[in-house]
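Following: one structure in structure tokens, then a few remarks.
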Amino acid sequence: MSAETFYGPDFNLLSQQDPDIAAVLLSELKRQQTNLQLIASENFTSRAVLATLGSTLSNKYAEGYPGKRYYGGCEEVDKAEIIAIDRAKDLFGAEHANVQPHSGASANIAVYLAFTKPGDTVLAMSLPHGGHLTHGSKVNFSGKWFNVESYGVRQDNELIDYDELRDTAIRTKPKMICSGATAYPSLVDFEKIRAICDEVGAIMWVDAAHFIGLVAGKAIPSPVPYADVVSFTTHKVLRGPRGGMILAKAEHAAAIDKAVFPGIQGGPVMSAVAGKAVALAECATPAYQKYAKDVIINAKALAAALESEGMRAVSGGTQTHLALMDIRSTGVTGKVADERCGQAGIVMNKNSIPYDPEKPGITSGIRVGTPATTTQGMGVAEMQTIASFIARAIKTDDEKTLAGIKSEVHALTARFPIYTA
Ligand code: DSN
């Protein structure tokens, strides 16, 4: 199928009206079709989700909540939001769902607003050990407006140091404890964190953005029974539209809804809300459950294959969708590896490893994830091929060699085409 056919008849209108932007749509589609997408937080959403995003729901202002809007004419979009809420509650067994956050960062800001006041103490995973900007980075609102204490991973096994977490919680008495990370390949022990929260009287907040899709597919344990509040994005393993969502215990429902609107947002993006509903229905299928398990099988295979190429998997491997590789043995930094792989058509990111001697802009590691390649239908054999591409690309700065690997990447992705029907 040609790229023009992919976008449908409206693309001809766009091409005539705005050839510059039409060209970007075509070239981005081609980039996604031909390169290897190993960014752990990216995926290929379905055509059905894309259809909602390009729909007239985008035109509608709907400040408020279903049945309690500040604008008329919301009777149709109300239906979409109610469907999305009901599906989220069913899929995750949650008492309350708010489907309006524009993004994961927006969802997190709403969590702070619901449970804390500026100056309060919050305990979260440190960014260099895998946390997120909104978990208290000094350059983020969270680090500027809150007293954020942090915990990390142990140096010997690179797993969360629950003793340090508990000690810090007892010492600093946080209002809220956040678990969840962007570059942590292992599972979080939610039962342990619940016990610590109960001991110090803290709200248990889980930022599940990275792994919620694996929870949806019943491939890993859920934080929902334990946490007061769970925030996440809908576009990672979950494979929905770009956006955010919050699940909460019923007792926190009013605080969460008030925090999202009118606390931090105006009108929700109703096309995205509808897209979230479509994705949640897709996640409830046996096919998606198989997908979620395959994502982990592939991540384990990719980590093992990269280890056999001489790199080291942080935390001793992975139990999720991503692997964090210490690549110091290759003699190149994460930054250089990222650049060379990019030239070879392999898209992933440099990443700090715990206790990294390099600066965050350089790093000693790379982060690779399998949500997108698994959606394409790739399996363990392809993960081994990809590991060999990465190992070869990292070791050379010869442009001809990198271009040669790129041709092999294109041959591989051509066997697993996306958006063909
Ligand atoms: N930027 C996302 C990631 O790649 O992990 C987190 O927000």
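Every read-out reported here was derived from the displayed coordinates using simple, explicitly stated rules and does not represent laboratory data. Note that the coordinates shown come from a computational prediction; the quantities given were computed from them, not determined experimentally. FYI the Cβ positions are ideal-geometry reconstructions off the backbone, even for glycines, and counts take in every protein chain you see.
For the stretch 93-103, state whether one or more residues are assigned to a loop (DSSP other than H, G, I, E, B), aliphatic (A, V, I, L, M) and closer than 21 Å to Val224 by Cβ. Looking for residues that are assigned to a loop (DSSP other than H, G, I, E, B), aliphatic (A, V, I, L, M) and closer than 21 Å to Val224 by Cβ, one finds at least one in the stretch 93-103, hence yes. For the stretch 336-367, a tally of residues being more than 16 Å from the ligand (Cβ to nearest atom), within 18 Å of Thr396 (Cβ to Cβ) and of a type in the set (Lys, Arg) returns 1. The condition of being assigned to a strand (DSSP E or B), of a type in the set (D, E, K, R) and surrounded by fewer than 24 Cβ atoms within 10 Å (Cβ to Cβ) holds for Lys350. Given Thr375, Thr420, Thr396, which one is loosely packed, with under 13 Cβ neighbours inside 10 Å and of a type in the set (Val, Ile, Thr)? Among Thr375, Thr420, Thr396, only Thr420 is loosely packed, with under 13 Cβ neighbours inside 10 Å and of a type in the set (Val, Ile, Thr). For Ile390, the test of being closer than 20 Å to Asn157 by Cα and β-branched (Val, Ile, Thr) is failed.
For the stretch 1-62, the helices (runs of 4 or more DSSP H) that sit wholly inside it and include 3 or more residues that are surrounded by 11 or more Cβ atoms within 10 Å (Cβ to Cβ) and among the charged types (D, E, K, R) are 19-34. Name every residue in the stretch 298-334 that is in a helix (DSSP H, G or I), under 23 Å from the mean Cα position of the chain (by Cα) and surrounded by 17 or more Cβ atoms within 10 Å (Cβ to Cβ), in order of residue number. Hits for the stretch 298-334 are Asn298, Ala299, Lys300, Ala301, Leu302, Ala303, Ala304, Leu306, Val314, Ser315, Gly334. Out of everything in the stretch 113-133 that is within 16 Å of the ligand (Cβ to nearest atom) and not hydrophobic (A, V, I, L, M, F, W, C), what residue ends up being surrounded by the most Cβ atoms within 10 Å (Cβ to Cβ)? Among them, the one singled out is Gly130.
Residue count for the stretch 171-225 under the criterion of being β-branched (Val, Ile, Thr), farther than 19 Å from Pro101 by Cα, in a loop (DSSP other than H, G, I, E, B) and more than 16 Å from the ligand (Cβ to nearest atom): the result is 1. Of all the listed residues (Ile109, Ile85), the sole one being of a type in the set (A, V, I, L, M, F, W, C), within 16 Å of the ligand (Cβ to nearest atom) and either over 22 Å from Arg194 (Cα atoms) or assigned to a helix (DSSP H, G or I) (or both) is Ile109. Among the residues making up the stretch 279-290, those that are surrounded by fewer than 24 Cβ atoms within 10 Å (Cβ to Cβ) and in a helix (DSSP H, G or I) are Ala281, Glu282, Pro286, Ala287, Tyr288, Gln289, Lys290. Please pick out the residue among Ala216, Ala195, Ala208 that is farther than 30 Å from Gly54 by Cα and among the aliphatic types (A, V, I, L, M). After applying the criteria, what remains is Ala195. Can you tell me which residues in the stretch 84-137 are hydroxyl-bearing (Ser, Thr, Tyr) and farther than 22 Å from Arg171 by Cα? Matches in the stretch 84-137: Ser103, Ser106, Thr134. Pairing each residue of the stretch 391-419 that is without any contact (Cβ under 8 Å) to a residue 12 or more places away in the chain with any residue that is not in a loop (DSSP other than H, G, I, E, B), provided the two are 6+ apart or on different chains, yields C-beta distances under 8 Å for Thr401/Arg392.
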